[in-house]
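First the structure, in the form of structure tokens, and then the observations on it.
The values are calculated or read from the model by the stated rules, or taken from the named source; none is laboratory data. For clarity, every value in this text was computed on a predicted model and none was experimentally measured. Methodologically, a virtual Cβ is constructed for each residue, glycine included, from the backbone with ideal geometry; neighbour enumeration extends over all protein chains shown. Keep in mind that these areas ignore ligands, DNA and RNA; they rest on the heavy atoms of the full protein, side chains included. Shrake-Rupley method; radii C 1.70, N 1.55, O 1.52, S 1.80 Å.
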Amino acid sequence: MDCFVRPEILTGRPARHGGLDYARLRKEGVIPGEVLDFSVSTNPFPPCPEIAEAMSGAALTRYPDSSSGELRSALAELHAVAPESVLVTNGLAQAIFLCAFAFADRGKNVLTASPTFGEYRSASEFAGADVLDVPAREEDGFAFPLEDVEDRIRTVRPSLAWVCSPNNPTGTLPLKEELLRLLSACDGTGTLLALDEAYVNFAPPGSSALPLMRPGLLLLRSMTKDYGLTGLRLGYIMGDPRLVGLLASLQPPWSVNACAQAAGLAALRARGYYEAQWAGLRSLASGLARDLAEAGFPPLPSAGNFLLFRAGDSERLQAFLWKRRILVRDCSSFGLPGYVRVGVKSGDENRRLVECLAAYRKEAS
């Protein structure tokens with residue numbers, strides 16, 4: 001990889017992430033606990049109690065296992081793959097950057113299906129690659145643009161293609177048949193498909209592309225979202241052992257700290273606890289979608305734990321909600337001005353959001 005970074009990618013970039021702006025909170029004298037944060041799409045329920053106990057027993061006076069061997073084996077057992085097919089990472093962000101450094105360096109082309117998570121572009125450009133966006137059409141409800149993606153793969157022959165499933169921020173879930181066609185196109189051009197499944201545990205069971213695993217496919221997962229470990233940063237990559245070995249050779253040593261490894265193991269042991277949470281969130285998402293539509297903000301169908309809807313003047317809506325200490329995600333950074341994304345939270349919190357949106361609609365009319 002070329003070690004020099006193009007200066008234009010370091011300046012003038014809009015905010016890429018949701019979450020609390022702590023500098024703003026301090027400036028305005030707002031306590032973080034006072035804010036209902038719908039701008040993030042993470043599991044809103046508490047982690048299992050065993051996680052705190054596991055973290056308290058982590059060895060803090062010695063370096064952690066640099067290969068995350070025990071957690072790696074547990075993940076391999078869960079997914080019925082070889083341990084050599086798994087790489088544990090410091091959150092999904094590190095997984096994305098490792099893939100970019102390995103397969104998207106200067107002089108290569110990379111493809112994304114937009115609108116989607118901006119980190120794919122950021123990481124690929126940081127590595128020096130040229131990024132081509134294949135946009136989904138608003139008039140089609142932002143359905144996955146399979147034919148356009150296939151066409152660009154065959155004509156441009158990118159080294160790497162990024163796909164998010166379910167897609168952030170639209171919630172679109174490519175069908176297995178679509179992924180098979182996409183993999184066939186990638187096989188024909190030597191393109192590696194990096195499939196981001198950060199939200200797949202919030203989708204209906206059986207949504208993962210793991211049964212389609214082959215040498216040209218990498219699956220990226222995030223334990224910080226579905227297991228509620230956001231503050232610890234924990235993710236992993238699954239794929240062909242040769243590709244995983246290359247990614248591991250680029251990973252900084254001791255990337256995953258001892259507390260994160262211990263928490264990940266405890267979370268996997270409590271899988272049933274989390275499966276119940278994910279099922280509950282699917283039900284809450286359906287209820288929130290119905291209530292948003294009744295309040296005048298019908299969302300797009302979503303397979304994730306978040307909903308996207310047209311807000312009109314999104315800045316005005318954000319300001320209205322912020323006065324009530326509610327934070328939502330303006331999707332301008334996704335190339336969707338006028339759209340807002342909200343994560344699914346508990347029933348009471350969702351009702352509070354809908355009440356405020358109904359009040360906004362009444363005031364604006």
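What the table shows:
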| quantity | calculated |
| --- | --- |
| Residue within region 154-163 that is within 20 Å of the chain's Cα centre (by Cα) and of a type outside the set (A, V, I, L, M, F, W, C) present | no |
| Qualifying positions in region 55-64 - touching a Cys at 6+ places or on another chain (Cβ under 9 Å) and either part of a loop (DSSP other than H, G, I, E, B) or closer than 30 Å to Arg324 by Cα (or both) | Ala58, Leu60, Pro64 |
| From the options Leu336, Leu268, Leu308, residue that is surrounded by fewer than 19 Cβ atoms within 10 Å (Cβ to Cβ), within 20 Å of the chain's Cα centre (by Cα) and either closer than 30 Å to Cys99 by Cα or of a type in the set (Phe, Trp, Tyr) (or both) | Leu268 |
| Residue that is open to solvent by 40 Å² or more (accessible area, probe 1.4 Å) and either under 19 Å from Arg361 (Cα atoms) or in contact with a helix residue (DSSP H, G or I) (Cβ under 7 Å, 6 or more places away or on another chain) (or both), where the choices are Arg324, Arg329 | Arg324 |
| Index of the failed condition, Ser114 passing every other in (1) more than 26 Å from Trp254 (Cβ to Cβ); (2) within 18 Å of the chain's Cα centre (by Cα); (3) open to solvent by 30 Å² or more (accessible area, probe 1.4 Å) | (3) |
| Cys164, sole failed condition from (1) under 17 Å from Ile237 (Cβ atoms); (2) surrounded by fewer than 23 Cβ atoms within 10 Å (Cβ to Cβ); (3) not acidic (Asp, Glu) | (2) |
| Count - residues of region 193-219 that are among the hydrophobic types (A, V, I, L, M, F, W, C), surrounded by fewer than 23 Cβ atoms within 10 Å (Cβ to Cβ) and in contact (Cβ under 8 Å) with a residue 60 or more places away in the chain | 3 |
| Residue satisfying condition, being over 22 Å from Arg24 (Cα atoms), of a type outside the set (Ser, Thr, Tyr) and in contact (Cβ under 8 Å) with a residue 60 or more places away in the chain, within set Gly338, Gly343, Gly347, Gly312 | Gly347 |
| The lone exception for Asp313 - which of (1) modelled with pLDDT of 95 or more; (2) within 23 Å of Gly171 (Cα to Cα) it fails | (1) |
| Candidate set from region 220-240 (those that are more than 20 Å from Gly69 (Cα to Cα) and of a type in the set (D, E, K, R)); member that is surrounded by the fewest Cβ atoms within 10 Å (Cβ to Cβ) | Asp226 |
| Pick from region 55-88, criterion closer than 23 Å to Ala248 by Cα and among the β-branched types (Val, Ile, Thr), ranking: surrounded by the fewest Cβ atoms within 10 Å (Cβ to Cβ) | Val81 |
| Wholly within region 246-365, helices (runs of 4 or more DSSP H) carrying at least 1 residues that are touching a strand residue (DSSP E or B) at 6+ places or on another chain (Cβ under 7 Å) | 271-294, 314-323, 347-364 |
| Residues (touching a residue at least 24 places away in the same chain (Cβ under 8 Å), open to solvent by 60 Å² or more (accessible area, probe 1.4 Å) and assigned to a helix (DSSP H, G or I)) located in region 17-54 | Glu34, Glu50, Glu53 |
| Wholly enclosed strands (runs of 3 or more DSSP E) of region 65-147 bearing at least 1 residues over 30 Å from Ala263 (Cα atoms), in contact (Cβ under 8 Å) with a residue 24 or more places away in the chain and in contact with a Phe, Trp or Tyr (Cβ under 6 Å, 6 or more places away or on another chain) | 109-114 |
| Complete set of residues in region 139-155 that are more than 15 Å from Leu173 (Cα to Cα) and exposed (fewer than 13 other Cβ atoms within 10 Å of the Cβ) | Glu139, Glu147, Thr155 |
